[in-house]
Amino acid sequence: MGETFTVLIVGGGGREHALGWKFAQDPRIQKIWFAPGNAGTARVGKNLPIPATDVEGITRWAEKEKPGLVVVGPEAPLCAGLADRLRQLGIRVFGPGAKGAQLEGSKSFCKDLLVRQGIPTARAGSFSRTREALVFLETLSCPVVVKADGLAAGKGVVIAESHGEAKQAMAEMMEGRVFGDAGAKVVLEEFLVGEELSLHAVTDGKNLVLLPSAQDHKRVGEGDTGLNTGGMGAYSPAPRATPELLREVETRILRPTLAGLAALGIEYRGVLYAGLMLTADGPMVLEYNCRFGDPETEVLLPLLDSPVWDLLVAAAEGNLGKAEVRTRAGAAMTVVMAAQGYPARPVLGQRIEFGVEVPDTAIFHAGTREGNGGAEVSGGRVLAVTGWGDDLRIARDRAYGAVGTIDFQGKHFRRDIGHRALGKDTFPK
Ligand code: AMP
Ligand code: GLY
């Protein structure tokens with residue numbers, strides 16, 4: 001028998017299920033644990049009753065069980081220093097330490113680094129005092145973007161149509177503390193016009209490997225209307241991401257970012273996920289995330305042909321220079337099926353009924369738990385249903401075909417995922 005490996009995946013959403021699903025296809029992987037996982041991950045590995053944010057609990061468990069690799073899904077444990085703790089114990093971990101995770105955990109840290117490195121981004125200022133913020137506000141034309149500095153679960157950004165609206169948003173963040181301490185500091189920035197693109201690079205701090213481009217759909221409603229969500233669907237690759245554009249992003253954005261981190265003494269090992277705006281003046285950084293995107297991971301991993309173990313271990317060990325990454329031709333799409341009332345007030349507890357399996361699709365569980373009679377809804381984003389194939393239309397038809405086999409009370413999903421790439425008129429009415 002050849003070498004065998006074990007892995008702990010921290011988190012319990014669609015991203016973590018997709019990671020586990022990909023690891024499970026590798027005959028060398030003997031054991032997969034999730035902390036805490038969901039009803040879907042329980043079918044590819046073992047769920048541990050440890051929340052993703054329980055840095056102490058995860059560290060204690062890992063010290064005892066010695067997994068071959070820990071992959072950290074969400075940003076909160078990374079910002080809280082989980083990767084540092086595990087590295088101190090000699091445990092291999094994919095994900096940056098707390099200092100590197102500030103790229104996502106502090107928008108002002110990110111902005112300062114971008115400006116220092118001359119990386120294209122919206123003109124901005126960060127403020128912990130209202131008076132200074134108001135002076136800077138006068139220099140921005142509307143709409144103005146107001147951001148809470150810290151982690152706010154994707155909700156800390158307000159696009160203000162007037163200075164009055166911007167002042168109100170600032171007051172709610174800085175004085176009202178609607179996002180707690182995350183809003184003690186705010187970033188004010190100019191509004192960028194263009195199409196958004198998600199670009200993931202796996203890095204060991206020196207080398208980087210680009211994963212296919214992707215596009216997320218943040219708004220709850222078709223035609224990109226309604227409230228912001230954690231993401232209602234994604235597809236990959238994005239036609240706008242031509243090889244020239246990707247080269248430009250790599251040389252003008254991603255490599256200078258790694259150089260900026262290195263200059264601070266930060267060895268960043270994990271995912272550098274750039275949220276980009278493709279403006280008339282070229283690609284600009286909207287934000288960085290320090291981990292895999294959700295639901296982007298649910299389309300990136302089905303397109304990865306080489307084993308995810310080798311890639312993530314190479315990054316974790318600082319050996320990415322030798323890593324080989326193969327992606328398959330074609331495209332993938334994922335459609336998020338959400339709970340009734342999501343995102344405002346999701347209703348939980350409904351039983352989920354699954355139908356026949358559709359070839360070339362995968363159903364990734366996000367907000368589910370094991371109930372008495374099978375899987376039930378336990379979170380706003382319930383499932384991410386992915387299809388893949390030779391082109392995006394085929395991927396879409398498969399994804400929606402699989403969506404059609406699943407039922408739960410109050411389910412809702414967007415019927416227009418991929419509309420920018422495929423054209424609105426190509427969707428069945
Ligand atoms: P962020 O968390 O910084 O990515 O912001 C969340 C969303 O707000 C982004 O995905 C964009 O849709 C929007 N956004 C953020 N910053 C800007 C900006 N400067 N101009 C236009 N839209 C923005
Ligand atoms: N898909 C957006 C995110 O993961 O932040």
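Tabulated data for the structure shown
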quantity	calculated
Order of 56, 16 - criterion: other Cβ atoms within 10 Å of each residue's Cβ, fewest first	56, 16
Per-residue [θ]222 nm for the chain (sum of -39500 (n - 2.57) over DSSP H runs n ≥ 4, rounded to 500)	-7500 deg cm²/dmol
11 Å beta-carbon shell around residue 408, net charge (K/R +1, D/E -1)	-1
Ranking of 370, 353 by count of other Cβ atoms within 10 Å, fewest first	353, 370
Long-range tail of P(r) for the stretch 123-191 (Cα pairs > 15 Å, %)	41
GNM flexibility winner over the chain from 64, 218, 185 (Cα, springs under 10 Å)	64
Cα-based reach from residue 22 at 28 Å (exclusive), listing lysines while leaving out same-chain residues under 8 positions away	31, 46, 64, 66, 206, 218, 322, 411
Residue order, fewest to most beta carbons within 10 Å, for 147, 99, 111	99, 111, 147
Contour minus Cα-Cα distance for residue 134 and residue 184 (0.36 nm per residue)	16.5 nm
Cα-centred dipole magnitude for the chain, charges only on beta-carbon of K, R (+1) and D, E (-1), debye, nearest 20	500
Dipole axis of the chain (+1 Lys, Arg; -1 Asp, Glu on Cβ), positive-most option in 89, 421, 40	89
Theoretical gain in end-to-end length, residue 345 to residue 427 [0.36 nm per residue, Cα-Cα removed]	26.7 nm
Part-to-part distance (alpha-carbon centres) for the stretch 255-272 and the stretch 313-372, which is given in Å	28
Charge dipole magnitude, Cβ of K and R +1, D and E -1 - the stretch 132-185, Cα centre, debye nearest 20	160
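None of the figures in this text is laboratory data; all of them are computed from the coordinates on show. A quick note: this is a predicted structure, and the numbers were derived from the prediction, not measured. When we count neighbours, we look across all protein chains shown, and the Cβ atoms used for this are built from the backbone with ideal geometry, even at glycine.
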